[in-house]
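K.L.:
To start, I am sharing the structure in question, which I have written as structure tokens.
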Amino acid sequence: MANWFNVGKIVNTHGIHGEVRVISKTDFPEERYAVGNQLMLFLQGKQEPIALTVRSYRRHKNFDLLMFEGYTNINMVESWKNSILKVSAEQLGELPSGEYYFHEIIGCDVITNDNRYIGVVKEILTPGANDVWVVKSESGKEILIPYIADVVIDISINEKKIIIEPMVGLIE
């Protein structure tokens, strides 16, 4: 059984030529959605995924718009709404040193450099210049940690532990 990683959710169709609107969950949309790449479509209620080959990719507002080989009109893709696009673990590839996949960071414990436990990374936001990690504290409060060199001191994926040096006002 292959390990699958979510790269996006099809939320709607776009136009009449088989284009779909995707909310991305991937760290690298340009790479994942490159023309010729294969993605697996997981439809709700269906066991077997459908292999799709990217025919075109473009950004539009806050969405990624994709078209797939052999799917040329809206009627062929209408039923894909709310389905998930995934890639296999083998498709992930090696990252350069100091770069991490979202699934490697989510679930890590966050600790300050003076050994105070902050919480667990629950989500990663990508608002612009740098990613922001949403950390849920033991009290249930969400703390936003910017993924920048001044704050994130050390990441150990094997130990699922991240050490930060909080800026003034970051945690209080």
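K.L.:
If one computes the Cα centroid of segment 112-172 and of segment 42-58, what distance in Å separates the two points?
P.N.:
If we compute the Cα centre of each part, the gap is 34 Å.
K.L.:
Which of the peptides 137-148, 74-85 is most tightly packed, and how do the rest follow, judged by the mean count of other Cβ atoms within 10 Å per residue? Can you show the working numbers first?
P.N.:
Details: 137-148: 13.0, 74-85: 17.2.
Descending mean neighbour count gives 74-85, 137-148.
K.L.:
Output the peptides 117-126, 6-15 sorted from most to least packed, where packing is the average of other Cβ atoms within 10 Å over each peptide's residues. Please report the intermediate quantities before stating the final value.
P.N.:
Working: 117-126: 16.3, 6-15: 18.1.
Packing order, densest peptide first, comes out as 6-15, 117-126.
K.L.:
Step through the residues of segment 106-113 one at a time and calculate ³J(HN,Hα) from phi using the Karplus curve (6.51 cos²θ - 1.76 cosθ + 1.60, θ = phi - 60°), rounding each to whole Hz and writing x for Gly and Pro.
P.N.:
5, x, 6, 6, 10, 10, 7, 5
K.L.:
Taking only DSSP H segments of four or more residues, each worth -39500 (n - 2.57), what value at 222 nm results for the chain once the sum is divided by all its residues, to the nearest 500 deg cm²/dmol?
P.N.:
Details: 3 runs with 12 residues, N = 172.
That calculation yields -1000 deg cm²/dmol at 222 nm.
K.L.:
Moving on. Once the convex hull of the alpha carbons of the chain is built, what does its volume come to per residue, in cubic angstrom?
P.N.:
Numbers: hull volume 24.9 nm³, N = 172.
Enclosed volume per residue, from the Cα hull, is 145 Å³.
K.L.:
Right, another one. As a test of understanding, state the convex hull volume per residue of segment 4-91 from its alpha carbons, in Å³. Write out the running numbers ahead of the final one.
P.N.:
On the way: hull volume 7.5 nm³, N = 88.
Taking only Cα atoms, segment 4-91 has a hull volume of 86 Å³ per residue.
K.L.:
With just the Cα atoms of segment 102-164, tell me how far they stretch along each of the three principal axes, in Å, largest first.
P.N.:
29, 24, 21
Any read-out appearing in this document is the output of simple, stated calculations on the displayed coordinates, not a laboratory observation. Note that this is a predicted model, so its numbers are computed, not measured. Positions of Cβ are backbone-derived with ideal geometry, glycine not excepted, and every protein chain shown enters the neighbour counts.
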